[in-house]
Ligand SMILES: Cc1cc2nc3c(=O)[nH]c(=O)nc-3n(C[C@H](O)[C@H](O)[C@H](O)COP(=O)(O)O)c2cc1C
């Protein structure tokens, strides 16, 4: 996929750098176009370094007579070469110019020449966002088929609180991929995914948990949604934005995760258990905060329910994918888990390898299939790994059906 990222001159322009990176991590090429005002907030060099491409900042700079004669007018070439135009932050000024059809610089001229999908992420002061002129312009752009991501509410850089913040760049990137994804091969599927750690309470303020960030499960949810699936994401406590177009069910403990999964699994055609569920829970959590004393204390633990095994018993013809975080014997442990839990695929990863897996942006996994196949995937961003897992899951299901 090829994306043009248009950056307007708003305070949130710095977040566009993170958006460029998030789009690239999701497998898109990114061409950045900046307005003159955007250059007041962030330098083109930042985007050039992140995207490995020249940043376009002017309508005329690269349109020399020779280039125009050889018919490579840059705004037309960029319009034709890219699938999606995302503008973030879309300033009140850009929103007005797009609505009016003005073509006064590269970005506004490109907007008119662009025939692919257009996604706008407006960000501005609340009064500017609420102004009737902006509302009318936004309504006009929506009616034209542009997708407008509503700004978040919260404390704004100008010191006021209200609607106007640029949404999290990861969420914008997911929305771009979802709205513009050329492949809809999970259309008609419902994917139930678990993600993140669980927290087992010791008392009202303390808990036992683990280092899972939830990123792999959230990447799977975003990938499934972008390929057309309805997605239910049962999530333990994480610090991640909700993926675009995904229903998120928030839980805390292993027992709550079990209850949510069992009640939602019947909707699923594919079930993926990527959460790092606690193996033990506290036998008698204290209803009051435990006071510190000089005495040694111990916490008694009980084993938690085995959610994967329970889902495996009742899965029917649903495709069940489990995760195995191991520190040794990756494939053997993956096979053992697959057989004992009745999985169709186990995604095994060596969490002992530096920079991989838990709490990391990248992952390197081995897929252990019920057909006997073992497929090592190269190290890649979790979003790219997520897409590869779905590619292999669909192939696996075909193979299982043709055997039956
Ligand atoms: C410090 C500062 C912050 C600004 N922040 C925003 C903003 O968040 N959103 C917005 O729509 N305009 C903002 N503006 C106004 C725009 O920079 C101005 O309208 C400019 O003409 C936009 O140009 P562009 O749309 O071509 O990028 C800000 C201006 C200044 C001086």
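We did not get these values from a lab; they are worked out from the coordinates using the rules stated. What you see is a predicted model; the values in this text were computed from it and never measured. Backbone-built Cβ (ideal geometry, glycine too); neighbour counts: all protein chains shown.
Which residue fluctuates the most in the chain, going by a Gaussian network model with Cα springs under 10 Å, if the choices are 143, 12, 180?
143
Cα axis of helix 15-25 to longest principal axis of the chain: angle in degrees, 0 to 90, nearest 10?
60
Considering only 196, 27, 245, give the residue with the highest GNM mean-square fluctuation for the chain, with springs between Cα atoms whenever their separation is below 10 Å.
27
Counting only Cα, what are the radius of gyration and maximum Cα-Cα distance Dmax of the stretch 113-180, in Å?
Considering the stretch 113-180 through its Cα atoms, Rg and Dmax are 12.8, 38 Å.
Two decimals is fine: what is log10 I(q)/I(0) at q = 0.09 Å⁻¹ for the chain, from a Debye sum with one equal scatterer on every Cα and no solvent?
Relative scattering, expressed as log10 I(q)/I(0), comes to -0.64.
Take residue 18, project a point 7 Å from its Cα along the Cβ direction, then tell me which residues of the stretch 233-264 have their backbone nitrogen under 13 Å from it.
239-242
Jot down the radius of gyration and Dmax of the stretch 102-235, Cα atoms only, both in angstrom.
Using the Cα atoms of the stretch 102-235, the pair Rg, Dmax is 19.5, 62 Å.
Provide, for q = 0.12, 0.17 Å⁻¹, the log10 of I(q)/I(0) from a solvent-free Debye sum over equal Cα point scatterers in the stretch 2-179.
With no solvent term, the Cα-only Debye profile gives -0.50, -1.04.
For the stretch 2-179, what is the relative contact order in percent, using Cα pairs closer than 8 Å and at least 6 residues apart in sequence?
Details: 339 pairs, mean separation 42.4, N = 178.
Over the stretch 2-179, the number comes to 24 percent.
Please figure out what share of the DSSP beta bridges in the chain is antiparallel and state it in percent, rounded to the nearest 5. Display every interim value, and only then the final one.
Details: 19 of 62 bridges.
Antiparallel bridges make up about 30 percent of those DSSP assigns within the chain.
Give the span of the stretch 199-326's Cα atoms along each principal axis, as three whole-Å numbers ordered largest to smallest.
Extents along the principal axes: 57, 32, 28 Å.
In µm²/s, what is D for the stretch 234-285 at 37 °C and 0.692 mPa s, where D = kT/(6 pi eta Rh) by Stokes-Einstein and Rh is the Kirkwood radius from Cα pairs? Could the numbers behind the result be given before it?
Values: Rh = 12.5 Å.
The estimated diffusion coefficient comes to 264 µm²/s.
Counting DSSP beta bridges with both partners in the stretch 197-306, what percentage is antiparallel, nearest 5? Before the final figure, lay out the partial values.
Values: 5 of 10 bridges.
Beta bridges within the stretch 197-306, antiparallel portion: roughly 50 percent.
Can you give the relative contact order of the chain as a percent, counting alpha carbon pairs under 8 Å and 6+ residues apart? Provide the component values of the computation, followed by the final result.
Numbers: 855 pairs, mean separation 45.9, N = 404.
RCO, the chain: 11 percent.
Using a Gaussian network for the chain with springs between C-alpha atoms less than 10 Å apart, which of these wobbles most: 321, 262, 42?
262
Angle check, please: helix 132-143 long axis (alpha carbons) against the longest principal axis of the chain (alpha carbons), in degrees 0 to 90, nearest 10.
Between the helix axis and the principal axis of the chain, the angle is about 70 degrees.
Once you keep just the Cα pairs under 8 angstrom separated by 6 or more residues, what percentage relative contact order results for the stretch 192-338? Working shown, then result.
Numbers: 264 pairs, mean separation 40.3, N = 147.
Relative contact order comes out at 27 percent.
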